[in-house]
Amino acid sequence: MDSAFKDKISKIKVLALDVDGVLTDGKIIVDSSGNEIKNFDVQDGLGIVLFRKHGFRVAIITARNSKPVDFRAKDLHVDKVYQDASPKTEFYKRMLKELEVSDEEVCFVGDDLTDLGVLKQVGFAVTVPNGVDEVKRVADYTTHKHGGHGAVREVIELILKTHGKWDEIVAAL
């Protein structure tokens with residue numbers, strides 16, 4: 001890892017996440033009663049719990065409104081959840097103020113055009129392999145794992161390892 005890349009990651013205090021295509025595989029299942037079902041990765045979930053336990057904060061910024069997102073965020077004790085966030089940049093600015101952090105202290109993971117504005121502002125911009133080309137062009141890092149299949153955990157491990165906390169976490173389990 002080069003020093004500029006490591007320097008960006010070493011400043012991160014907040015991980016902000018899109019949902020569809022990042023925390024999930026991007027598929028939205030709607031049953032015959034209109035209930036929405038989403039698949040979340042359990043390893044992403046443990047990563048979020050460990051990340052928060054070690055002094056970092058997590059936010060969700062999504063353009064959609066979904067009950068499963070509320071449930072999952074509450075289960076994982078996500079610090080801030082912004083749904084119906086359009087444009088996302090307005091809610092991102094609100095998050096900065098509420099969490100009292102600067103752009104360079106935020107990592108955002110997004111995959112689609114609605115994420116571009118935030119990705120261009122954060123200290124460490126991340127996308128997933130299934131992200132659109134425009135997002136990939138502005139991202140500092142593209143995960144090896146796909147959205148909904150451990151991509152968030154990969155980013156969390158990268159941040160925790162760069163901050164020198166990963167070995168301590170693993171040893172304590």
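Derivation of every value follows stated rules applied to the coordinates shown; laboratory data play no part. All figures in this text were calculated on a predicted structure; none of them were measured in a lab. No Cβ is skipped: glycine too gets one built from the backbone with ideal geometry, and neighbour counts run over all protein chains shown.
Rounded to the nearest 500 deg cm²/dmol, what is the calculated helix-only ellipticity per residue at 222 nm for the chain, with -39500 (n - 2.57) per DSSP H run of length n ≥ 4?
Result for the chain, helices only: -11500 deg cm²/dmol.
Among VAL49, ASN130, GLN83, whose Cα sits farthest toward the positive end of the charge dipole of the chain (+1 at Cβ of Lys/Arg, -1 at Cβ of Asp/Glu, about the Cα centre)?
VAL49
If I model a spin label as a point 7 Å beyond the Cα along the Cα-Cβ vector, how far apart are those points for LYS53 and LYS120 in nm?
Reported label-point gap for LYS53 and LYS120 is 3.9 nm.
As I understand it, the dipole of the chain uses +1 on the Cβ of Lys and Arg and -1 on the Cβ of Asp and Glu, about the Cα centre. Which of SER32, LEU113, VAL58 lies farthest toward its positive end?
Towards the positive end, the residue furthest out is VAL58.
Given Cα pairs under 8 Å that are at least 6 residues apart, what percent is the relative contact order of the stretch 1-142?
So the answer I get is 25 percent.
Between their Cα atoms, which of LYS53/LYS161; LYS27/LYS93; LYS13/LYS165; LYS11/LYS93; LYS53/LYS74; LYS88/LYS161 are more than 25 Å away from each other?
LYS27/LYS93; LYS88/LYS161
Run the Debye formula on the Cα coordinates of the stretch 3-166, all scatterers equal and no solvent, and tell me log10 I(q)/I(0) at q = 0.08, 0.09, 0.18 1/Å.
Debye curve over Cα of the stretch 3-166, log10 I(q)/I(0) at q = 0.08, 0.09, 0.18 Å⁻¹: -0.20, -0.25, -1.08.
If I model a spin label as a point 7 Å beyond the Cα along the Cα-Cβ vector, how far apart are those points for HIS77 and ARG94 in nm?
2.4 nm
Is there a quick way to get the dipole size of the stretch 3-166? I mean about its Cα centre, with the Cβ of Lys and Arg at +1 and of Asp and Glu at -1; what is the value in debye to the nearest 20?
500 debye
Can you tell me the 0 to 90 degree angle between the C-alpha axis of helix 88-99 and the longest principal axis of the chain, rounded to 10?
50 degrees
Assign unit charges at the C-beta atoms only (+1 for Lys and Arg, -1 for Asp and Glu), then state the dipole size of the stretch 1-83 relative to its Cα centre in Debye, rounded to the nearest 20.
420 debye
For the stretch 1-82, what relative contact order do you get, as a whole percent, if you take Cα pairs closer than 8 Å and at least 6 residues apart?
32 percent
I'd like the antiparallel share, as a percent to the nearest 5, of DSSP beta bridges with both residues in the chain.
10 percent
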